Amino acid sequence: MNGIQRAALALWLSGAVAAPALASALEECVPTGDGAAVLRCLTEEDGKANIELSTAEAAAAKRARELEQATGRVGAHAALAKSVRDFAAYRTSQCAYVKETMASGTGAAQAQLGCRIDMNRRRVRELKP
């Protein structure tokens with residue numbers, strides 16, 4: 001096996017190992033049981049994701065204020081505040097779209113909730129330093 005093949009295999013294996021950590025909330029909750037159990041799981045995960053997002057936003061706001069104080073330039077905190085509002089609006093619209101692409105009774109509400117969780121988790125990763 002040459003170097004390029006080894007590198008490609010290593011890259012593929014790293015993706016295969018990392019993939020379970022990036023499973024969607026819906027995929028994580030489906031094994032819990034029937035529709036009611038999945039909805040309970042998603043509701044619990046939504047609560048956790050909302051807390052994590054609030055914590056990440058607060059930490060980012062603190063860093064923005066510290067940056068403004070250290071540099072004497074204003075704008076970072078205001079830009080973050082706008083980003084927080086814009087993200088919330090986009091998340092609402094995107095997850096409503098996800099729900100509307102499904103027929104009633106096919107887990108549309110679950111898909112919408114899973115979308116919110118996934119987007120919150122992704123936003124938390126984006127806000128970390």
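Would you please give the FRET efficiency between residue 48 and residue 94, computed as 1/(1 + (r/R0)^6) with r the Cβ-Cβ distance and R0 = 30 Å, to the nearest 0.05? Write out the running numbers ahead of the final one.
Working: r = 20 Å, r/R0 = 0.67.
Efficiency computed from Cβ-Cβ geometry: 0.90.
Using the Karplus curve 6.51 cos²θ - 1.76 cosθ + 1.60 with θ = phi - 60°, work out ³J(HN,Hα) for each residue of the range 34-44 in order, rounded to whole Hz, and write x for Gly and Pro.
For the range 34-44, the Karplus-derived couplings read 6, x, 5, 5, 4, 5, 4, 4, 5, 5, 5 Hz, x marking Gly and Pro.
Along the range 109-126, what does the Karplus equation 6.51 cos²θ - 1.76 cosθ + 1.60 (θ = phi - 60°) give for ³J(HN,Hα), rounded to whole Hz, x for Gly and Pro?
Values per residue, Gly and Pro as x: 5, 5, 5, 5, 5, x, 4, 4, 4, 4, 5, 5, 4, 5, 5, 4, 4, 5 Hz.
Please list, in order along the range 76-82, the HN-Hα scalar couplings obtained from phi with the Karplus expression 6.51 cos²θ - 1.76 cosθ + 1.60 (θ = phi - 60°), rounded to whole Hz, x for Gly and Pro.
5, 5, 5, 5, 5, 4, 5
No lab work stands behind these numbers, since they all come straight from the coordinates. Bear in mind that the values here come from a model prediction, so they are computed numbers and not experimental data. Glycine gets a Cβ as well: all are built from the backbone with ideal geometry, and neighbour counts include every protein chain shown.
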